[in-house]
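Shown next, in structure tokens, is the structure this report addresses.
The values are calculated or read from the model by the stated rules, or taken from the named source; none is laboratory data. The structure displayed is predicted, hence computed values, not measured ones. Cβ coordinates were reconstructed from backbone atoms using ideal geometry, including for glycine residues, and neighbour counts include every protein chain displayed. Side chains are part of the model used for accessible areas, which takes the heavy atoms of the whole protein and leaves out ligands, DNA and RNA. Shrake-Rupley method; radii C 1.70, N 1.55, O 1.52, S 1.80 Å.
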Amino acid sequence: MARRSRHRLLLLLLRYLVVALGYHKAYGFSAPKDPKVVTAIEYQEVILACKYPKKTIAFRLEWKKLGPSVSFVYYQQALQGDFKDRAELIDFSIRIKNVTRNDAGNYRCEISAPSEQGQNLEEDTVTLEVLVAPAVPSCEVPNSALSGTVVELRCQDKEGNPPPEYTWFKDGVPLLWNPKFGSQSINSSYTMNTKSGTLQFNTVSKLDSGEYSCEARNAVGHRRCPGKRMQVDDRNVSGIITAVVIVALVISICGFGVCYAQRKGYFSKEASFQKSSSASKDTTSENDFKHTKSFVI
């Protein structure tokens with residue numbers, strides 16, 4: 001019984017495969033292949049290949065750029081958009097003479113041709129990655145700093161693809177990612193992040209004074225920002241102490257003056273003077289009221 005059930009199961013599977021193959025031949029549709037990745041450097045040329053076994057007379061070829069909105073690259077036997085002036089068709093493939101970063105994305109070629117089973121459709125997908133060299137990075141270097149404080153220098157590039165790594169230079173000499181490994185970084189305590197481009201001094205000192213520049217580098221190229229000088233000065237401890245003493249002396253003098261005025265009764269005399277002046281004002285206003293009243297009568 002077990003053998004018969006196995007045979008029946010195999011027969012059902014074979015029938016399913018025959019039906020599926022017949023459906024595939026009747027409609028002549030070929031499923032899209034796994035997308036190929038093509039890498040190109042910006043402003044150089046690249047070929048987006050679309051492989052097809054043979055070129056027939058009555059075939060139709062279309063190239064599309066996929067995305068949120070599908071756009072035609074080759075349609076009705078003509079290149080479309082800005083590809084007219086910087087691309088050409090070679091058999092079923094497209095040669096872009098001057099590729100830009102905006103060309104990066106997924107492309108699909110579609111070829112339809114008549115066959116014995118009907119209209120046959122072939123598809124091929126290509127992913128284009130454009131490598132871009134970094135631009136001159138923007139560098140943030142403070143002009144001055146106080147010794148013993150935390151100081152952070154920043155370097156950033158927004159153009160490079162792949163994202164670049166960063167190296168900081170002091171007086172034209174590259175700083176190592178770990179200051180303990182370099183003889184030129186004695187008595188210096190810093191942390192350099194080659195991914196984010198930050199250079200942080202945990203406790204900056206006068207020995208860290210100098211001209212700093214940063215370089216952004218990837219597989220395509222590298223650029224460096226102009227050097228900027230950072231001057232580190234010691235804290236003026238004697239000046240701070242002198243300022244504190246002067247402020248304390250001024251406060252003491254003011255307090256002594258207030259106490260002296262209270263003992264001499266200057267504040268009480270002023271209060272009595274204010275009371276007498278207010279009383280005289282009230283008397284004057286009352287007399288003015290009586291005079292006005294008599295005038296009305």
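Taking 12 Å as the straight-line reach from the Cα of residue 97, the aspartates and glutamates in range (excluding those fewer than 8 positions away in the same chain) are 42, 45, 82, 85, 88. Using the average count of surrounding beta-carbon atoms within 10 Å as a protection proxy, the listed peptides 151-159, 214-222 rank, highest first, as 214-222, 151-159. Across all directions, the average projected area of the convex hull around the alpha carbons of segment 33-131 is 6.6 nm².
What a 1.4 Å probe finds exposed on segment 33-131 is 49% carbon and sulfur by accessible area, rounded to a whole percent. In this rough spin-label picture, where each label sits 7 Å from Cα along the Cβ direction, the residue 247-residue 66 distance is 6.7 nm. Accessible surface computed residue by residue for segment 138-233, with neighbouring protein chains in place and a 1.4 Å probe, gives 56 Å² per residue.
What order do you get for 65-72, 42-49 when each peptide is scored by the mean count of other beta carbon atoms within 10 Å, highest first?
Values: 65-72: 11.2, 42-49: 16.8.
So the order, starting with the most tightly packed, is 42-49, 65-72.
Remark on residue 205: its backbone amide H falls under 5 Å from those of 148, a criterion applied only to residues 5 or more positions apart or on other chains, H modelled at 1.01 Å from N.
Cross-link partners for residue 51 among the aspartates and glutamates, with Cα-Cα distance under 12 Å and sequence neighbours closer than 8 places in the same chain left out: 91, 110, 122, 123, 124.
Which shape class, rounded, prolate or oblate, goes with segment 138-233 when its Cα gyration tensor gives a ≥ b ≥ c as root eigenvalues, a/c under 1.5 marks rounded, and past that a/b bigger than b/c marks prolate? It comes out prolate by the Cα gyration axes. Less than 5 angstrom separates the built amide H of residue 156 from those of 138, all sequence-distant by 5 or more or on a different chain. Among the listed pairs 64/195; 170/195; 170/206; 64/158, those with a Cα-Cα distance over 24 Å are 64/195; 64/158.
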